[in-house]
Structures are given as C-alpha cells and as structure tokens.
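The values are calculated or read from the model by the stated rules, or taken from the named source; none is laboratory data. Please read these numbers as outputs of a predicted model, since none were measured by experiment. Neighbour counts are summed over all protein chains in view; Cβ atoms, including those assigned to glycine, are modelled from backbone coordinates with ideal geometry. Surface accessibility is based on the protein's heavy atoms, side chains included, excluding ligands, DNA and RNA. Shrake-Rupley method; radii C 1.70, N 1.55, O 1.52, S 1.80 Å.
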Number of protein chains: 4
Amino acid sequence: MDFTSDNASGVAPEILAAFADVNHGAAAAYGDDEVSARARAAMSDLFEREVATFFVASGSAANGLALAALVPPYGTIFAHEEAHIHVDECAAPEFFSGGAKIIPLPGAGGKIDAGALELAIRKFPRGVVHRPQPGALSVTQASEFGTVYTPKELEELIALAKAGGMPVHMDGARFANAIVGSGLTPAEASWKLGVDVLSFGATKNGGMGSEAVVFFEPEMAGDFQFRQKRAGHVFSKGRFPAAQFEAYLKDGLWLKLASHANEQARRLADGLKTAGYGDPSWPVDANEIFVALPFDVIDALVKKGAQFHKWPIPPENGRQLVRLVTSFQTRSPEIDGFLEVLKSL
Amino acid sequence: MDFTSDNASGVAPEILAAFADVNHGAAAAYGDDEVSARARAAMSDLFEREVATFFVASGSAANGLALAALVPPYGTIFAHEEAHIHVDECAAPEFFSGGAKIIPLPGAGGKIDAGALELAIRKFPRGVVHRPQPGALSVTQASEFGTVYTPKELEELIALAKAGGMPVHMDGARFANAIVGSGLTPAEASWKLGVDVLSFGATKNGGMGSEAVVFFEPEMAGDFQFRQKRAGHVFSKGRFPAAQFEAYLKDGLWLKLASHANEQARRLADGLKTAGYGDPSWPVDANEIFVALPFDVIDALVKKGAQFHKWPIPPENGRQLVRLVTSFQTRSPEIDGFLEVLKSL
Amino acid sequence: MDFTSDNASGVAPEILAAFADVNHGAAAAYGDDEVSARARAAMSDLFEREVATFFVASGSAANGLALAALVPPYGTIFAHEEAHIHVDECAAPEFFSGGAKIIPLPGAGGKIDAGALELAIRKFPRGVVHRPQPGALSVTQASEFGTVYTPKELEELIALAKAGGMPVHMDGARFANAIVGSGLTPAEASWKLGVDVLSFGATKNGGMGSEAVVFFEPEMAGDFQFRQKRAGHVFSKGRFPAAQFEAYLKDGLWLKLASHANEQARRLADGLKTAGYGDPSWPVDANEIFVALPFDVIDALVKKGAQFHKWPIPPENGRQLVRLVTSFQTRSPEIDGFLEVLKSL
Amino acid sequence: MDFTSDNASGVAPEILAAFADVNHGAAAAYGDDEVSARARAAMSDLFEREVATFFVASGSAANGLALAALVPPYGTIFAHEEAHIHVDECAAPEFFSGGAKIIPLPGAGGKIDAGALELAIRKFPRGVVHRPQPGALSVTQASEFGTVYTPKELEELIALAKAGGMPVHMDGARFANAIVGSGLTPAEASWKLGVDVLSFGATKNGGMGSEAVVFFEPEMAGDFQFRQKRAGHVFSKGRFPAAQFEAYLKDGLWLKLASHANEQARRLADGLKTAGYGDPSWPVDANEIFVALPFDVIDALVKKGAQFHKWPIPPENGRQLVRLVTSFQTRSPEIDGFLEVLKSL
C-alpha cells in the first residue's frame, strides 16, 4: 500500500531487458551510437514530425535545460505557483538559465488561471529595461494536482504567451498519464496546441532515470547540447538512457503502463467516494488523488501499513489533505487493502 | 580493435545484474532507500573512515559539484592545462561554481609541475580584492595522459595547496586504473595524502553511468545536496545509481576490471616497442597509451578496422600522436590483431 | 511640474561641492583613502554602532550585492510582489546571487502581509532538498507605494523571518523619506528592529549616483568586497562616491532634503483632496502619491506641462492610477501650478 | 612623487565643471536625457561611424559586460595571461558572462603571442560538445605593461580570431594613452583593424568613474542594456556619467590629458637611462614604466617619499621589478625629484 509517489516504483521489466539487449561490446560514446539514433527516430515517429530529442537523467535537468534554451538570464518564466519547477526543484531553472525569474501564478487544481497570466504578462513589458523580459510560459501536464488541462484551456494560455512573443514549455513528467484517456495523439497534445518544447518523462512511469527533452522545431534547440554537456547531462554511454526510451515507446509500452496507473487511481477514487469520503479535491484526471481525510482515518491507514504524503498545508475542519499516487506497479490488492481499511472504520 | 575510449565499452555483467537484484517493488525515493544506504556504507568501509558519498550521473557532474562545494564563485581552481575539467567539460566547473576560474598549469605527462603551481598560487594572493581568490587544487589520477602521480609527487603539490589554505580535489574518473598496481590502499591513495574530495569514477570501468563524490571530511560536503538537486543530479530512483556502486565495490570487482584494462594496455605497449615503435610518449601507468605513429602505419591500422583517437596537435617528423585506450572489456584478440598489423608492415 | 520620479532630479549643491573639496592630487585608490574612511566612520556614528559600509553606484547593485551576501544561490528571498527587487531591477538579485528565487508576497499599499509571509515561509522548509532553502526577508522602507512600515509592522514580519532562521534586508532607496517624520533615529528604524543589512540610498535624494550597503553586524558582510569587485562596483577613485555620502550625512543634509520632498508631497496630497479628488490610494507617508484621476484631468494636466507616471494597470471607472513623486528639488510653484490646473477644471 | 597608478589621480577640472553645467533641475532618467544623447553622438563622431555607446561606472564592468554580450556562458575568451580581465578583476568576466572561460596566453611585454593564440584556438574547436566553444579575443591597448600593439601586430591576432569565427574586444582602459603618438585616428586604431567592441576608459585619465562600452556594429550590442541593468550599471541620473564623456571628448581633452601623462613617462624613462639604470623591461609606449631597480635604490626612493608598485614576482640579481605610472596630473617636479634621488646615489 505505497501511495507515496510514482517515483518510489521500480523499473518496468521491458526497460530492464533493454539494457541487456544493447550491452554488446563497444559503441560510439556520447549519443553517437545506433541505439540513440533509433530512440531519437522513434520520437520523431511518435510526434509525426522531425523533432530534436535529448536524453537527460532527471526531470529537473529536463525542465531546467529546456527553459535555459528558451529564456535569457534576465527573462521571466510564467508558471503555476505549485509547479514543480517553482516549488520542487531547488531553484534548478534559475541555475540552468543563469538567473531567470519564475513568476508564480494562481489557478484552481494546479492549472494556471488565464486572467492571472494575462495580468502578469502585462506587468513585465518587452523592452522596458527595468523589467525582467518576457521569457516563456511553462505548463505542467498532467498538473501537480493530477488534473489534466483540456485542449481549450491550453489554447487559451498558449495564445496569451504567443501574443507576448513567448515560446511554450510543457513539463510532461507525467505526459503519459495525461495522454491516456484524453483521446489525443501525442502530436495533438503538444505541438499542435502550440507547445514548443516538451520535457517528456519516463522515470515516474517505469523508467530507471531517463527523461527526454523534445524540441518540435529542431532549430529552437539552439545550443542545447553545450548547455547539456556543461551541466553533466551528456552521458558517455548514451545508449543506455536511449535504450530506456526505445523500450518505453515500443509497442505503446508507455501508454500501457500509464493506463494501469490511471485505472488504479480511478478505482481508488471511486472507492473513497463509496466509502463516504466524497469527491477528491480536484478531478482525478491522471494518477494522483488529493483528498482531505479525518485524522483518525489517516492514523488507521498508516497503522495498517498504508504510505502516502500529507500535503504541507494546515488542516481544516479536522481533516488533513493527503496525496495518493498510483503507478504502473500499483497492484490491485494494494487498492483493495486501502479501501478495506476505510470500510472497517 | 576499438581503442577509442574506455567510455565506448559496455556495462559489466555484475553491474547489470545488480539492477534486477534491487528492482523489487517500491522503495523510498531520492536516496533514502536501503540500497543507497548500503552503497554509502561500502564507501566508508573502502576508505577506512566515515565519508560522505553522493552519487551523480557523470564525471563532469561529479567534478563540477565537488569543486562548487569547495570554491567560491570568484575562486581559482589550479589544474593541469590538459585536465578534463579545463578542456573536456564544456566549462562545467565554471557553471557549477557560478564563475570560478581555472588556472591552467603546465607539466610533463599530464602531471602538474610543482614549480608552476607555486608561482601560480603566488600570483593570486588571498585578500587582494582585485584577484580571484584561492580556491582549490585539482589533480587527475590517473592523469589525462595515462600517467599516475607517485605519492611523493602528490604530497609536494598538496603541500603547496594546503600552505595556500586550499583544499584538494582529485578527479578519479580512472581512480581504479591508478590504484591497480600502485600497491596503495584507496585510503593511502587519497585522504592519507591530503585529498579532501574525490570524484570516484565507475562509468569508464564497467558502470553504466554512475560516479561518486566522496568527501573524506563529511562536514566539507556543506550544502552539496542542494547544489546536486538544483543541477538535476539527485535521482528519484536512487537505488539504481547506488546499486552500480554496490556491485562495483563488492568483492573487489572495480579492481579486477581495472587490472584487466591495465594489463591489456601493458601488452599493447610492449608489443609496440617490440614492433619497433619505441617507448610511448609517457609511461603507461594505467590504461592509456600515447604514441606517435607514422601516417602509413595509422592508415594501415585504420584499414584493418582499428579505432583510436588522433590527438589534436600538429604532426611532427611525419608522425601523428595517437591515443590508445583499453578497457575492462578489451579482448586479447583485439590486442593481437593490432600488433599483427604492425608486424605485417 | 515634473513629478515623474525623484530620480529625475539633479544633484544637491552641497554634494557637488564635495567633489571639488576632495579633488586634490593623488589619493589611495579603491577605498583606501581618507575620504572613504571618514564616510565609513560617519555611517557608524549615524547608526550608533560599528557598521561595515560599502559604497556602490546604484540601488540595484546595493540590493543585489546585499542579498547575495545573505542568500545562497538556491535560496529564497521573500519580498513584496511590487518590490523594486522583484519588478524593477531586471532580475538583478537573481544575477548577483547566482540564481536565488524571489517569492513575491501580497500586501496592501506595498507592505508585505504578515499572514502571507508566514504561509510562504512554511512552504519552503529548511532541509528539504527539493525546496529552495530559506534565504532572507527583504522589506522596502519607504515602500514602492510611498507608505512607511510602522515599527510594529516591521517587528511582526522580522519576527517571522528570524523564527525561520533568516536575516533581514531593508531596501532603503528612500530611507531618508521614511525616517523623516517617523520620530525614529536611524538606529531605531533599522538594526534595533532586527534589520541586518540596509541598502541606504542617496541618489534619489540629492546624490549623483552613490548608495551605501550597511551591514550592522560587520562580520555578516562576509566576502562582500569580492562580490562587489567582480560586479564592477569597487571604484578606483573611491573618494568621490564616499564624498557624496560624507556630504549627505553632514549636518543632517539627508534629512533636510527628504523633509522638503515629503512636505511637498503632503501639500500636493492636501491640494488633491481639497480639489475634490479624495484621498490617495495609500497614505502619503513619504514623497509619493498614488491617485486615480479621470482621463480628462490627466489630459489637462499633461497639456499644461505636468509630467508623471501612469501606473501600468487597467483603468477603473474612467480613472487611471497615476504616481506623483516629489523630490528635494521640487519647487512650490510646481505644486501650485499643478493644483491650479485641477481647480480650473 | 606618486607613481602608484593613474587610478590614484583626481578628476580633471574640465570634467568636474561639466557636472555643474548639466545640473539644472529635472532631466529624464536612465540615459533618456539630452546630455546622454549628446555624449553618444560625440562618440559616433569620434569614431566616424554610427556606434552604440553605453556608459558604465568601472573598467571591470565595461569589460565584463562587453564580453558577456559577445560570448556564451560556455565560451572561451582568449587573452594575455597578464590581462586585467584575467588577473585583476576578481573573475568579473566569468561573473558577467555566466561562466565563460578565459584562456590565458603568453607573449612578451603584455602582448599576446600570435603563435600561442593559433594553437589555443585550435585546442577548442567549434562544434565539439566537450570543449568550451570559441568566444572572443580580448586585446588590451595599451597593454598591462605599458606597451602598445602596432596595427600589424593587431591585424595578425585579429585575423586569427576572425578565422575562428570570433569577435574581438579591446580593453581600452588606457586607449587614450595608446592613441597619443600612434599617429592613428580612433577609427584606425579600433574598428578599422577589426575590433568589434571597445571598453573606452576615461577614469584613469581624468574622469571620476565613467567608462564607455562602444559597439562598432550597433546590432552586436544585442541585449546589452538588459545585462547592464541587472548588473546595476544603468544609472538613474545618467546625465552625469555621460557628462564626463562629453567633456572628455570635447576639444580633444582626452588626448591632451594622455599626452601629458605619456610625456612625463617618457621623461622619467629617459632620466632612468641617463642615471644608468638602462632601458626599461619593455618599451615605454604609453604611461607605464617597468624597470628592475636595486634594493638600495628602491629604499632610497621610498625614503624620499616616492610611491610606486613593486611587481609581485621574485627579485633577480638583487633587483626588484617596479612599476611607475604617470597620469594627466603628474607634475614635472615629481619627475625631477625622483630623478634627483637617483642621481644622488
């Protein structure tokens, strides 16, 4: 009953097997090998266009390097006030970009409020020397709170960014979970909406430690590789990070794994409702559930071995907000066990 | 016959097997798991003292983060003019440290000349506001040219650094190759000589992509973890980078692998001499050979499928300096084949 | 009728005269001269304790360097969302600190809301590796909106910062305007309230281009001078920036100049009320007035030669917020002329 | 008898007078005023083409900001190993550029050796991801050792830089001293030789604290103003730094001041030779003399009140290298007094 984070899960067998498959003697280093070439080609296939793909070792690196390619050191990055890049990466975007400024924006359920974005963009006009200059919009899909932007919601935000002359970054650490059930192709969920660069996560969804930065206009990558290198994210044995993605994309493994996670989240949410704990705080669009539970329920669950994260905000009305995350590895008995504890109370 | 680089080799079977061993369901993320704890403990055992160990994904990250922990943004880093940190990391130390300055020093065979170090330290006196301030000494063991500092050589350099109030970093991307045959324990080869922090490499010697930063005085690590995080080098599934080191250190695997590489280099060097190409440019103390070969010999070798690196300096007397690197994976037929081509000329 | 900014004013005659007074042949460079020593001593006298004082050439440099001395590159800076350091310095604090993150906070009239500060501090707990770490609180006195924190208001904010282990920076670009009429001594208005470092402005109040960074605990200055030097803010002819402060502090010139500015602002505010435009948006505690005026009034004023800044927020109810700033140089006929236009409408 | 540095001199009366001339009431802030416009126009006139000019407060700022506009954060800056940007600015170029790497080059008399530059450029080839990338060439005119590059010498160096795709920066802290007696116009001494951006100093030659960054192709300035702002080098009362340059350039004041300094240096050098101390270490092309003097001579000079800088290198043959700098303010009796001491020994 470990619902702490999808980060706590292991590696999918298919991905582990891929390492052995590519481990045959010498290969060109630093991404000049055949496996890396195949994985990059697979990414272009997936997105139905020629893309520029770079493999790095963590989501913070993917986001930071992607944003550094888009934003000058005195630029702004408009993001949700709960975005991973703002709250959970120890100021990585500021580091990679050389000092850019994240402008945190409010919005229900982890989605940026369009009105707030519009006002914020206006506050930092282009060309005024005193003001940090327009940099980029960064949206998180699925969001920190497990919600998924609709295409229309994204279009509205992206239109504002583009009107301000800014490119758009999507933090897709849980892109797989966002795609599943959306009815959209990867292309429709990204560049066809105006996204310029995607941090495409594999780690949370069965990878070992590999994230792809995907530029939909290859020339926008600019000097990415030099920034990647000086950050220690160009890997000598590049075939192994690449092999993770090759396996991840092959035969839709990434979607299969994410479907499982999302379905388990759905079962858990349904069970919570049935057990009388009402609707979660936000729609369960992906693999995360936020729900406010009474203290005694939390205690009982913990006592029975359930693990999850208490959200660091003050309790209200005797209830504490908790986060439950499912993964590709969440087993049905874990869900059942959790729900049984609830029923037993 | 691939002598391009030890970076081109694959992953040792023992290390690959370790992934499967630790891939059982959920585990605490970000290094709070049992595998990481065991690997850190193994490092303390190896060095016969309590050390602070951090696992990162590349040598550039290890070096850059280690140096950033030691040196202020306006500090100096004294290093050999051919050191990896100066020439081959796309200015990573400058990035991680926020602008520190590498002072490149001459010295035969990739080893810093003590007299040059002494003069350079004097040039940047502590407390003079105009001058970059004393930061750290960085030595590479084994060096870029495959030589290994003797303890006495290191003691002399380190004494100069310490007299200048500076800590000492050792770039040990090939620490295993330097230890093998030195007759020294890891402790004797590092902190007992005055080294404060070691970039301890596994990748070039059978790892997949894992390097350890080892602080011999744990408190010198300071705020390392925050710098590591904001550089995207704290990994959610931390048990896997750690498992590489656990396997690497277990039963002396790291030394066994390096012994093989060094022996193959020795055989190759001996064969070159027997074939009439004289002594290499520098002593073959580890797994690298630098030798100046006639153009026609180079052509013949390449024609037969040999791969190696032509050193980017102008040819002299009709000969081009080349670098031959062996690895844990170099097979004897590769050496034999190479030498046979030489004999056939 | 120039109410654009106190930055548009010239230099006070006493300060201009000081240049000639100290311009006698050679003097030690880089602040080792007698004038600099006297100006630093005058600062210690003013604050009734031994302080460490550094003279720089702009407010952005003073703020950025002061904050860089307090905050690690992955640290937080809690500030008002309209603070100069957040909005008007082109990301200077991020630059000087190497990537620190400003956490913008709401609060009426440019003063940080204590509840918002408390929540924000809680959001970034010390020791959690994912989170930017507690850095500093920065308060602006007088604020961007011309209000002045009461001692009690500051005490509440500072207590929260100190409870979180954070030092406190005060942006005193208009410190003189804040002191005048407060009934407080400089000491009472700064370190006695818990302020650790003050950006003490002279430029807006009769200086030519000189700001002092004052550390009330000299050892907190740490490596300030090296950061100052590498930012190009250690001046060879240091006696001239110092002479500005010597003249500024002598015989209370700084307070005399600010009194004049504040009195003119008071007259202007009274005149606006008398003319039927009601109370300004926020109390006129210093030398700035924010008032929403009808479009036709604005047009009439501009036509008659009045200059002022339209605040970049959308108009409401046919009125546009404008900012009127007085300075040490504002002449009474300018106020009279402005008010006459109002009366004539 | 102060020969410590031209930095120790005061401000030329014409420049001091200019402050009063422009100190009339309010003026547009941040360089949008008439004085700034006039000073910028004067610079275009001087260089016989439309240039982009920015006024900053120190030579370190001028150099650092100029280089940051030319060089990426992972770029190289090729400079003399004794260049001010390498040795005397506390790593300012690294700070302003976000981590660029200075490649120090040897060369007699402070002038870069062309062969060394050629080899160094070859060492860091464009497009190789591991290597810091070609950034810029920086030449110092007059050099740190008081020599002046001939046009031919500069042409050779600049041709190498341009062949490597690099722009050229000239550190002209003593540009005036280099021009005087060269028979060249400012245009001939800069852009006509291929210089792209010039740090044009006034401070050492009668200014108070104003240096101009001059881009000969205005579009190369790029985002200079934003970098300037976030470094705290955009000044609210911009007319005063600009006024220094207006006065400096007016009626050839800058050349008149530098002529005086150079002539005094010439007299001093001649006197040293006459007194039997031989030729200085390097040609006295500007206002600096480097000469090795016996210890007893140094002691006698110091006893009589002479001030100068002992160069921080070990003495040889009982002689210590000293530096003697003259300025626009050096009076003939100072020279005479110095030479009299020599004669009296």
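With the simple spin-label model, which puts each label point 7 Å out from Cα in the Cβ direction, the residue B:303 to residue C:345 separation comes to 9.3 nm.
To the nearest 20 debye, what is the magnitude of the charge dipole of chain D about its Cα centre, counting +1 on the Cβ of each Lys and Arg and -1 on the Cβ of each Asp and Glu? The dipole of chain D has a size of about 480 debye. A Förster radius of 45 Å, combined with the Cβ-Cβ distance separating residue D:48 from residue C:37, puts the computed FRET efficiency at roughly 0.50. The fraction of accessible area contributed by carbon and sulfur in the protein assembly as shown is 53 percent, rounded to a whole number (1.4 Å probe; ligands and nucleic acids excluded). Here is the result for the stretch C:272-331: no chymotrypsin sites (Phe, Trp or Tyr not before Pro) lie in DSSP coil with at most 14 other C-beta atoms within 10 angstrom of their C-beta. Where in the stretch A:281-316 is the amide nitrogen less than 14 Å from a point lying 7 Å along the Cα-to-Cβ axis of residue A:108? Within reach of a label on residue A:108: A:281-284.
Only Lys, Arg, Asp and Glu carry charge here, each on its Cβ (+1 for the first two, -1 for the last two); on that basis the stretch A:49-196 has a dipole of about 420 debye about its Cα centre. In the stretch A:11-45, the residues that give up 10 Å² or more of accessible area when the other protein chains are added, compared with the chain on its own (1.4 Å probe), are A:11, A:16, A:19, A:20, A:23, A:25, A:26, A:27, A:29, A:30. Prolate is the label for the stretch C:109-156. Its Cα gyration tensor axes, ordered a ≥ b ≥ c, give a/c of at least 1.5 and a/b above b/c.
If you wrap the Cα atoms of chain C in a convex hull and average its projected area over all directions, you get 17.6 nm².
Computed from point charges on the beta carbon alone (+1 for Lys and Arg, -1 for Asp and Glu), the dipole magnitude for the protein assembly as shown about its Cα centre is near 0 Debye. When the other protein chains are added to the chain by itself, burial of at least 40 square angstrom of heavy-atom accessible area (probe 1.4 Å, ligands and nucleic acids ignored) affects these residues of the stretch B:67-109: B:73, B:74, B:86, B:87, B:88, B:90, B:91, B:94, B:95, B:99, B:101.
Could you name the aspartates and glutamates in cross-link range of residue C:256, using Cα to Cα under 14 Å and dropping any fewer than eight places away on the same chain? Of all the aspartates and glutamates, those that pass the test against residue C:256 - Cα under 14 Å, at least 8 places apart if same chain - are C:14. Under 10 Å, Cα contacts only: if you run a Gaussian network model on chain C, which one of C:61, C:29, C:202 comes out with the highest mean-square fluctuation? Of C:61, C:29, C:202, the Gaussian network model singles out C:29 as fluctuating most.
For residue A:101, the residues whose modelled amide H falls within less than 5 Å of its own, excluding neighbours fewer than 5 places apart on the same chain, are A:75, A:76, A:77.
Each Lys or Arg adds one and each Asp or Glu subtracts one; over the other residues with Cβ under 12 Å from the Cβ of residue A:230, this totals 0. Residue C:183 label point (Cα plus 7 Å toward Cβ) to equivalent points in the other copies: 6.9, 7.8, 8.4 nm, shortest first. Write down the Kirkwood hydrodynamic radius of the stretch B:254-344, to one decimal in angstroms, obtained as one divided by the mean of 1/r over all alpha carbon pairs. In the stretch B:254-344 this quantity evaluates to 13.3 Å. P(r) for the stretch C:1-97, from all Cα pairs and a bin width of 10 Å, is 12, 29, 34, 22, 3 %, short bins first. Buried surface for the C/A pair, taken as the accessible area of each chain alone minus that of the pair with a 1.4 Å probe, is close to 2200 Å² in total. Mind checking which of C:46, C:72, C:16 is farthest towards the positive end of chain C's charge dipole, using Cβ charges of +1 (Lys, Arg) and -1 (Asp, Glu) about the Cα centre? Positive-most Cα among the choices belongs to C:72.
Build a GNM of chain C with springs between Cα atoms under 10 Å apart, and of C:127, C:305, C:31 the one that fluctuates most is C:127. At 222 nm, what helix-only mean residue ellipticity would chain C give, in deg cm²/dmol to the nearest 500, using -39500 (n - 2.57) for each DSSP H run of four or more? Taking each H run of at least 4 residues, the total per residue is -11500 deg cm²/dmol. Answer with one residue from B:151, B:140, B:119: the one whose Cα lies farthest towards the positive end of the charge dipole of the stretch B:116-180, charges on Cβ with Lys, Arg +1 and Asp, Glu -1. Going by the Cα projections, it comes out as B:119.
As a length-normalised measure over Cα pairs under 8 Å and 6 or more apart, the relative contact order of the stretch C:12-251 settles at 30 percent. Please identify, among D:317, D:23, D:287, the residue showing maximal mean-square fluctuation in a Gaussian network model of chain D using a 10 angstrom Cα cutoff. Looking only at D:317, D:23, D:287, the largest GNM fluctuation is found for D:317.
Restricting the calculation to Cα atoms, the stretch B:174-293 shows an Rg/Rh of 1.06 when the hydrodynamic-style radius is the Kirkwood one.
Judged by the gyration tensor of its Cα atoms, with axes a ≥ b ≥ c, the protein assembly as shown is oblate; a/c meets the 1.5 cut and b/c is at least as large as a/b. Using the heavy atoms of the protein chains and a 1.4 angstrom probe, tell me the accessible area per residue for the stretch C:254-344 in square angstrom. Averaged over the residues of the stretch C:254-344, the accessible area is 48 Å². Distance from the axis that maps chain C onto chain D is least for the Cβ of the chain C residue given, with the whole Å value, as C:57, 2.
Each copy carries a label point for residue D:270 at 7 Å from Cα toward Cβ; from one copy, the others' points are 7.2, 7.5, 10.3 nm away, ordered from shortest. Relative to the other identical copies, residue C:48 shows label-point distances of 6.1, 6.6, 7.4 nm, where the label point lies 7 Å from Cα along the Cβ direction and values run shortest first.
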